[in-house]
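Chemist: This structure is in structure tokens; I'll ask about it shortly.
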Amino acid sequence: MNNHLRDLRTTRGWSQQELGERLEVSRQSVNAIETGRYDPSLPLAFRIAELFGLAIEDVFVSPSKEN
Amino acid sequence: MFSIRRDERLNAAQRRYVWQAMLLVGVYVVVLMGCTWAIRVHAPKGVELFLLSLLPSLPLLGWIGALGLYLRAERDEFIRARLVAAMIGGLGLMLAITTVWGFLENGGAVEHFPTFLTFPLWAACFGLWQCGRSIRERIGGSRA
């Protein structure tokens, strides 16, 4: 699933490690989500969206709207 | 005594599992050697033989339990998903190998496969699966 996580993270100047610590997940998890290799669970997707103060659909691109 | 250097790449659940696994492997080696020696030297019979034969399996059962506890304790869903996927992949590989081996054995083409080696075989298949996935990810990238 495509997402804007990398942009959101770099805009705040956070490393993958820092974002992982804020989300209480590993750096590998952040990397896998950013690169679209792993789709997070709904609870983790909510945690990510809430961390950036956004709605889930502002972070993750709905598969039905992907090209 | 040996010690594990604190590795920042390992979380608390992983460190606990590594300690448990190392301890259980140590216990397994000691118990296996002790029981093998006792059976050879004393040639026990009946209940004693049953218990001495059974004893080496207990640390391995503990290891399987420790793996299950680790899976429950692992809070990182990505790592947990990768681990479970590798476990299932390893299980499939092991089932394929033992199925083929079983038919070959049934036909008399190969020797008997000792069933106590099933767990080590699964562990080897689990490791192979993880290696294969790492190679795939380095080459082209694949989903967890």
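Chemist: Kindly provide the set of residues from region B:60-78 that are among the aliphatic types (A, V, I, L, M) and within 14 Å of chain A (Cβ to nearest Cβ), ordered by number.
Modeler: The answer is B:ALA73, and nothing else.
Chemist: With respect to the numbered conditions (1) surrounded by 14 or more Cβ atoms within 10 Å (Cβ to Cβ); (2) within 11 Å of the chain's Cα centre (by Cα); (3) more than 11 Å from chain B (Cβ to nearest Cβ), which one is the sole condition not fulfilled by A:SER29?
Modeler: Every condition holds for A:SER29 apart from (3).
Chemist: Which members of region B:63-84 meet the condition of being in contact (Cβ under 8 Å) with a residue 40 or more places away in the chain and either touching a His at 6+ places or on another chain (Cβ under 8 Å) or farther than 30 Å from A:ALA45 by Cα (or both)?
Modeler: B:TRP63, B:ILE64
Chemist: So which of B:ALA81, B:ALA123, B:ALA109 is within 14 Å of chain A (Cβ to nearest Cβ) and aliphatic (A, V, I, L, M)?
Modeler: Criteria check complete, one pass: B:ALA81.
Chemist: Right, another one. Just wondering, is there one or more residues in region B:3-19 that are surrounded by 12 or more Cβ atoms within 10 Å (Cβ to Cβ) and either touching a Leu at 6+ places or on another chain (Cβ under 6 Å) or β-branched (Val, Ile, Thr) (or both)?
Modeler: The answer is yes; a qualifying residue exists.
Chemist: B:MET87 passes all but one of (1) away from chain A (no Cβ under 14 Å); (2) under 23 Å from B:CYS131 (Cα atoms); (3) free of Cβ contacts under 8 Å to residues at least 24 places away in the same chain; (4) not charged (D, E, K, R); which number fails?
Modeler: Condition (3) is where B:MET87 drops out.
Chemist: Please give the helices (runs of 4 or more DSSP H) falling wholly within region B:25-117 in which 1 or more residues are closer than 30 Å to A:ASP39 by Cβ.
Modeler: Filter on region B:25-117 gives B:57-73, B:77-106.
Chemist: Now, a different point. Go through B:GLU77, B:GLU48 for me and flag whichever is more than 30 Å from A:SER29 (Cβ to Cβ), more than 19 Å from the chain's Cα centre (by Cα) and not hydrophobic (A, V, I, L, M, F, W, C).
Modeler: When all the criteria are applied, what remains is B:GLU48.
Computed from the coordinates by the stated procedures, all read-outs in this text should not be read as laboratory data. In this text the structure is predicted, and so the values were computed from the model without any measurement. All Cβ positions, even for glycine, are placed from backbone atoms using ideal geometry, and neighbour counts span all protein chains on display.
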